[in-house]
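The values are calculated or read from the model by the stated rules, or taken from the named source; none is laboratory data. Predicted model, so just to flag it, every value in this text is computed and none were measured. Backbone-built Cβ (ideal geometry, glycine too); neighbour counts: all protein chains shown.
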Amino acid sequence: MTIAVFLGSLLGTMALGVPIAFALLLCGVALMVHLDMFDAQILAQNVINGADSFPLLAVPFFILAGEIMNVGGLSRRIVNLAMALVGHVPGGLGYVAIIAACLLAALSGSAVADAAALAALLLPMMTAAGHDKARSAGLVAAAGVIGPVIPPSIGFIVFGVAANVSISKLFLAGIVPGLLMGLSLWVTWWLVARKEQTQIPPRKTRAEVMRTLRESLWALMLPIIILVGLRMGVFTPTEAAVVAAVYALTVSVLVYREISLRQIMEVFVVAARTSAIVMFLVAASLVSAWLITVADLPSKVIDLLQPFLDNPTMLMIAIMVLVMVVGTAMDMTPTILILTPVLMPVIKAAGIDPVYFGVLFIINNSIGLITPPVGTVLNVVAGVGKVTMDDVTKGVLPFMIAEFLIMFVMVIFPSIVTVPMRWFF
């Protein structure tokens, strides 16, 4: 009955068009009433405590860093470097999008920011070169969702806080899976675009490549600083977010000189609005998370999944399919916040490494950003690239399937994730 109240109140309010943050709060109220413990003061205290978290400070700073990079020229220089390296090969602009996406992922950790930058910079060039616009838009969208997997990742931060798992370990464990997602897109693009008759840009001279490399060097230093700092214990993920924001602002203002004082204020306002949405979502979700614990929902879910507990692979497959279904209707952050407190006790009961699970969970949620009908990243690419939603959806299908396939390969062969994870640790 408790599970029915939880799902009914949450899905019912969402079906009525209530914003997800308020739906989570109403779901919490429904659970409190069902458990005969409604108290407005407890509700308010849990909302405040939900946002009062030091690790969560990393979220607004990484969002700010991503906004600064897009406006300050760091993202454009990353794309220019990828263009200089592989832009001249057949289908090269697609490979440029994939390489640039992996590099941008190591800068911002936001799928929406990365996809928007790639759509604005590369989609017109791909269309002008003769590539199919729908397929190109689909590639850009699929490449953008690598952002939450390669560190730094806002998704890993939210999951780490909700699941009480080391964010630093999640960051380092996400490197190889993120690169494998890029490899799956590389192979898929080679298969679908090799027969296209396109104009190939001329090969850059060695001098031009070196000049582009020098120009992008300041942008490339950021992920190195963050990863080395985290690995050596110089700073925490929260402090790394501050370093990223300050570094991006310093480079944009003093080195590249592409941000004016007026633009700085606009960037801060946009980042503050986005951060407010995410933080309110987190605060509201932790009310439901607390009540999920009080109502002992995890034990009921464990009972339902009891047949799978002796087979971790089958359990992971079942959970991944569940998350895939949820991802078609919900955005990434609320999915993480709603499912994490329910699934983590199941994962621990089955003896699955929480860091390994967290990586696969975030990969699945990231791909959910390009699964119709919601597909937040699909909407972003359609809007920025001036492509219809139907065309982007058709174009993204082969790349979405490739990313899901590589995810299930990691489910069946956990060592693909766990062995490199131990190297970094």
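Give the residue, chosen from Gly130, Gly144, that is under 22 Å from Ile63 (Cα atoms) and among the small types (Gly, Ala, Ser).
Selected residue: Gly144, the only one of Gly130, Gly144 that is under 22 Å from Ile63 (Cα atoms) and among the small types (Gly, Ala, Ser).
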TODO: May I ask you to verify whether Gly182 is touching an Asp or Glu at 6+ places or on another chain (Cβ under 7 Å), under 25 Å from Met83 (Cα atoms) and in contact (Cβ under 8 Å) with a residue 60 or more places away in the chain?
DONE: no
- [ ] Confirm whether Leu180 is assigned to a helix (DSSP H, G or I), within 18 Å of Leu107 (Cβ to Cβ) and not aromatic (Phe, Trp, Tyr).
- [x] no
Task: Of all residues in segment 117-164 being farther than 19 Å from Asn364 by Cβ and of a type in the set (Ser, Thr, Tyr), the one that is farthest from the chain's Cα centre (by Cα) - done: Thr127
Open item on the list: Tell me which helices (runs of 4 or more DSSP H) are completely within segment 1-103 and hold 2 or more residues being more than 30 Å from Ile264 (Cβ to Cβ) and among the polar types (S, T, N, Q), or say none if there are none.
Closed with: 2-15, 40-51
Task: Selected residue (only one of Phe308, Phe399, Phe361 is touching a residue at least 24 places away in the same chain (Cβ under 8 Å), over 15 Å from the mean Cα position of the chain (by Cα) and crowded, with 24+ Cβ neighbours inside 10 Å) - done: Phe399
Task: Residue ranges of helices (runs of 4 or more DSSP H) in segment 349-420 with at least 1 members charged (D, E, K, R) and under 18 Å from Gly138 (Cβ atoms) - done: 389-412
- [ ] Read through the list (1) closer than 30 Å to Arg211 by Cβ; (2) touching a residue at least 12 places away in the same chain (Cβ under 8 Å); (3) part of a helix (DSSP H, G or I), then give the number of the only condition that Thr127 fails.
- [x] (2)
Open item on the list: Here is a list: Met324, Met320. Which entry is part of a helix (DSSP H, G or I), out of contact with any Ser or Thr (no Cβ under 9 Å at 6 or more places or on another chain), modelled with pLDDT of 85 or more and surrounded by fewer than 22 Cβ atoms within 10 Å (Cβ to Cβ)?
Closed with: Met320
Open item on the list: Exactly one condition in (1) at pLDDT below 80; (2) part of a helix (DSSP H, G or I) is false for Leu107; which is it?
Closed with: (2)
